[in-house]
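Report on the following structure.
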Amino acid sequence: MEHDFQHATKLTLMLAAIAVPLNTIFGTVAAILITRNEFPGKVLLLSLLDLPFSISPVVTGLMLMLLYGRAGWFAQFLAENGINVVFAFPGMAIATMFITLPFIVRELIPTLEQMDLAQEEAAKTLGANPLQVFWHVTLPNIRWGLVYGVILTNARAMGEFGAVSVISGNIIGRTQTLTLFVESAYKEYNSEAAFAAAVLLSCLALATLWVKDKVEQAAAAEAAK
């Protein structure tokens, strides 16, 4: 049981380590492109980005099963290339990334909309390339929103249950995250292991809240200057 607990902890941290950076990059790029451009279907795109908020995580897991399962749309391609998605780590990573997709985008869009574009235009006039404009002008203006979005994404990734439960198969010692471990241990009347995992998740949640509070205080102090 101790080995299963350690593996579940490791798997939870690995999923967060993959989902957070990838969604940080995607969310930042998507937010900039959406706020800086007008194009047909923009409202529809914003609605699609909110899908993880409106769809049950269990339904998300079932959708992934339909896409990557034995009878799924990509089943033949995956089988030919020896790629396992369902009941394996890749499927869990995809589910986690989908569930945590909107947080950074939704945090950055309001910040970018309120930002004065004159600074970016001035930097471009002085010869700065797009990467330099982002690094020296855009990023300093959106950093608190970005940090806040990263915190929310990380918290959601570590606490995800429904979608990961469906796509992983909840295989003990192989595809169990901490949340799945808590449920499994509790159902097996192993209260000590269940409560130990629950305490660890609670400590992670408290640490997240503490960091969130510090970020809000720092952002408020900077705004007051």
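The values are calculated or read from the model by the stated rules, or taken from the named source; none is laboratory data. Fair warning: this is a prediction, and the values are worked out from it, not measured in the lab. Surface accessibility is based on the protein's heavy atoms, side chains included, excluding ligands, DNA and RNA. Shrake-Rupley method; radii C 1.70, N 1.55, O 1.52, S 1.80 Å.
Return an integer: the convex hull volume of the alpha-carbon atoms of segment 32-76, in Å³ per residue. Intermediate results must be reported in sequence, preceding the final value.
Working: hull volume 4.7 nm³, N = 45.
Hull volume normalised by residue count: 105 Å³.
Over segment 81-124, what number does the Rg to Rh ratio reach, with both radii from the alpha-carbon atoms and Rh per Kirkwood?
Details: Rg = 18.5 Å, Rh = 13.6 Å.
Using Cα coordinates only, the ratio equals 1.36.
Hey, what does the equivalent ellipsoid look like for segment 52-98, semi-axes from the Cα gyration tensor as sqrt of 5 times each eigenvalue, largest first, whole Å?
On the way: eigenvalues 82, 25, 10 Å².
Listed largest to smallest, the semi-axes of segment 52-98 are 20, 11, 7 Å.
Quick check: Cα centre of segment 26-61 to Cα centre of segment 127-163, how many Å?
If we compute the Cα centre of each part, the gap is 15 Å.
Determine the principal axes of the Cα atoms in segment 184-225, then give the extent along each, sorted from largest to smallest and rounded to whole angstroms.
55, 11, 6
Considering every Cα-Cα pair within the chain, what fraction, in whole percent, is farther apart than 29 Å? Mind showing how you got there, number by number?
Working: 9614 of 25200 pairs.
That tail contains 38 percent of the Cα-Cα pairs.
First obtain the Kirkwood hydrodynamic radius of segment 52-155 from its Cα pairs, then insert it into the Stokes-Einstein equation at 4 °C and 1.567 mPa s, and state the resulting D in µm² per second as a whole number.
Details: Rh = 16.6 Å.
So the translational diffusion coefficient is about 78 µm²/s.
Per the 1.4 Å probe, what fraction of the accessible area of the chain, in percent, lies on carbon and sulfur atoms? Provide the component values of the computation, followed by the final result.
Details: 8430 of 12700 Å².
About 66 percent, which is the carbon plus sulfur part of the accessible surface.
To one decimal place, what orientation-averaged projected area in nm² is obtained for the convex hull of the Cα set of segment 102-156?
Averaged projected area of segment 102-156's Cα convex hull equals 3.7 nm².
When ligands, DNA and RNA are left out and all protein chains stay put, how many square angstrom of accessible area per residue does the chain have with a 1.4 Å probe?
Values: 12700 Å² over 225 residues.
Accessible area per residue, the chain: 56 Å².
Using all C-alpha to C-alpha distances in segment 116-192, build P(r) with 5 Å bins and read off the rounded percent in each one.
Percent of pairs per bin, in order: 3, 14, 15, 12, 9, 7, 7, 8, 8, 7, 6, 3, 1, 0.
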